[in-house]
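Reviewing the structure listed below.
The values are calculated or read from the model by the stated rules, or taken from the named source; none is laboratory data. Just so you know, these numbers come straight off a predicted model, no measurement behind them. Note that we place each Cβ from the backbone using ideal geometry, even for glycine, and neighbour counts take in every protein chain shown. The area values use the complete protein model at the heavy-atom level, side chains included, leaving out ligands, DNA and RNA. Shrake-Rupley method; radii C 1.70, N 1.55, O 1.52, S 1.80 Å.
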Amino acid sequence: MVLLERLVTILGVYGARPAGPRIPEGTVVRSVAVHDPSEETTEPGDVLLAVGERDPVRAVGLAHDAGASAVMVRTGAGEPDGPALGAAREHGVVLLWVAPEVSWSQVAGIVFGMVLEGSETESGRGPSDMPTLADSIAARVGGPLTIEDPRSRVLAYSALQGSADRARLDTILGRRVPEGLRDHLSSAGVHARLAASDEPVYVPPAEEHGMGARTAVAVRIGREFLGSLWLSCSGPLSAEHARSLVEGARTVALHLLRTRVSADLERQVESDLVGRLLEGGTDPTEAAVRLGLTAAPHRVVALQAHTPEERHAATLVAFERATTGFGWSRPGRSTVFGSTVYTVLPCGADSTAAREWLAETVRGLPAHVEVHAGIGGPADPARLSESRREADESLALQSVRPEREVVAYDESWDEVLLHRLRTSSASGRRPADGPVADLARHDGAHGTRFVPTLRAWLRAQGDPVEAARMLEVHPNTVRNRMRRMSGVAALDLDDPDRRLALAIALEVHLPGA
């Protein structure tokens, strides 16, 4: 089952263009029909693949007879003309024109894959290399192993059998834990303990169900329970094997999460388009249309998520959170570069919408995840690469000052500029000479307060009363210090360029002095 709008969006990447009436919102596609030219009638279906039919008008008629909401036609010529579009509007059928360079086998693979194989378990689609992972964990812990989803369905099992009991064989053959055994484990509180804890759970033998001893451990990312590992054993595990089982559960969790994220075609397409848009490597108008972005200003939000123990999992969880829901139901469009999730949000001069989206996204992450974020300035689709660079700089500023609120570039440009100067200056040596260095050396040698006094005087724009208030001293103290420091360093405070250079030197080289 898939929404027709979503199916059309994905097919657009592979060269299919919609024509005819507007796609009705919420139209669900549950079945696919393939036109057989040798048959007089067409089997019913929500989407008709008009294989072998080159006349788009007749293809629309076939779709109407089949009760289809959409028909795909590959004419090998130009796009459908007026009569075809008129027929599509008359019958309320979305006409999808397939480019001649796209084969029917490619189209059919995508459509059948999304409509008939698009359902996922709560832990994601079963990855093809999961059995290898099960074998690897079983070898480390020394016993037969099954990987199960939250509903006790088998995702994979190890080739290592050992003394396989009847319950294990029944579970593997039936691809899920037998109902009686499942009820026994639930009544014994095993499932509840797995849902609440990351520690291994020892399960004594249950001879009446043909089950020997087991040790189970939850597979979890943050608060989300993705499934469990079940190890056949002769008794409670040693500390070393228990540690290996827990580490194996973390590996499986990350693998399931990667699979879930990468297997979703909508996420893949969206991520690719947003990535190219942020890098400036594609036609912004075309990409914006395909992503559903308007010409109104948008902001790029850069988000990094970290956890002490899981190096990459937090980034994947954040990306999944940012892309939860169908594209038409979400305000933003997202991608991942390295360890950063970038989201393009419709947001003009006021950054409130971006801050609210960030707060909602962070609320959905596990409590132990540390999040840093930055918000770029507003930009139209053609300039989103600039907003991305601004978001990166804002993120860097918040990363070094995590106690402050999220930085929006256009609202904190002064802080971003100073941070840029500090970062640039870190690549070279600090000036060994100059007024600021001279004053700092004098303060260190004689216990004077010349550097903070000069900073306050510059910030007060030469007003000794205001500078004194900042320093919590008498104005005459400020005047006296300014007079004395002129004998230590060549300040030349009447020169506006010199004053600007002094202020920059103080902020870059002695920000906390």
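A few points about this structure:
- Scoring A99 on the criteria (1) among the aliphatic types (A, V, I, L, M); (2) surrounded by 15 or more Cβ atoms within 10 Å (Cβ to Cβ); (3) over 20 Å from E270 (Cα atoms); (4) modelled with pLDDT of 75 or more leaves a single failure, condition (2).
- Of all residues in the stretch 377-391 being outside any loop (DSSP other than H, G, I, E, B) and small (G, A, S), the one that is most open to solvent (accessible area, probe 1.4 Å): A382
- The set of residues in the stretch 25-66 being charged (D, E, K, R) and either assigned to a loop (DSSP other than H, G, I, E, B) or touching an Asp or Glu at 6+ places or on another chain (Cβ under 7 Å) (or both) consists of E25, R30, D36, E39, E40, E43, D46, E53, R54, D55.
- Helices (runs of 4 or more DSSP H) fully within the stretch 443-513 counting 2 or more residues that are at pLDDT 90 or above and among the hydrophobic types (A, V, I, L, M, F, W, C): 450-459, 464-471, 475-485
Results for (1) farther than 19 Å from P144 by Cα; (2) at pLDDT 90 or above; (3) open to solvent by 30 Å² or more (accessible area, probe 1.4 Å), shown as yes or no for each residue.
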| residue | (1), (2), (3) |
| --- | --- |
| L173 | no, no, yes |
| R176 | no, no, yes |
| H191 | yes, yes, yes |
| E208 | yes, yes, yes |
| V217 | no, yes, no |
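Results for (1) modelled with pLDDT of 90 or more; (2) in contact with a strand residue (DSSP E or B) (Cβ under 8 Å, 6 or more places away or on another chain); (3) open to solvent by less than 70 Å² (accessible area, probe 1.4 Å), shown as yes or no for each residue.
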position: A295; (1), (2), (3): no, no, no
position: T307; (1), (2), (3): no, yes, yes
position: T315; (1), (2), (3): no, yes, yes
position: T352; (1), (2), (3): yes, no, yes
position: R355; (1), (2), (3): yes, yes, yes
position: L358; (1), (2), (3): yes, yes, yes
position: I375; (1), (2), (3): yes, yes, yes
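- Lone unmet requirement of (1) under 46 Å from the mean Cα position of the chain (by Cα); (2) loosely packed, with under 14 Cβ neighbours inside 10 Å; (3) under 23 Å from I504 (Cβ atoms) for E403: (3)
- Tally of residues being within 38 Å of the chain's Cα centre (by Cα) and open to solvent by 10 Å² or more (accessible area, probe 1.4 Å) across the stretch 219-234: 8
- Of the helices (runs of 4 or more DSSP H) that lie entirely inside the stretch 167-268, those containing 3 or more residues that are of a type in the set (A, V, I, L, M, F, W, C) span 190-196, 239-263.
- Tabulated pairs, the stretch 190-206, first closer than 17 Å to R168 by Cα, second among the basic types (K, R) and open to solvent by less than 50 Å² (accessible area, probe 1.4 Å), C-beta under 6 angstrom, 6+ apart or interchain: V203/R214
- Cβ separations smaller than 9 Å between residues 6+ apart or across chains give no pair from the stretch 17-30 residues that are touching a residue at least 40 places away in the same chain (Cβ under 8 Å) to residues that are part of a loop (DSSP other than H, G, I, E, B) and basic (K, R).
- Residue selected from the stretch 1-56 under the condition among the acidic types (D, E) and out of contact with any strand residue (DSSP E or B) (no Cβ under 7 Å at 6 or more places or on another chain), by the criterion surrounded by the fewest Cβ atoms within 10 Å (Cβ to Cβ): E40
- All positions within the stretch 323-343 that are closer than 24 Å to G26 by Cα and either open to solvent by less than 10 Å² (accessible area, probe 1.4 Å) or at pLDDT 90 or above (or both): T323, G327, G332, R333, S334
- All conditions in (1) open to solvent by 30 Å² or more (accessible area, probe 1.4 Å); (2) of a type in the set (G, A, S); (3) touching a Cys at 6+ places or on another chain (Cβ under 9 Å) hold for G212, with the sole exception of (1).
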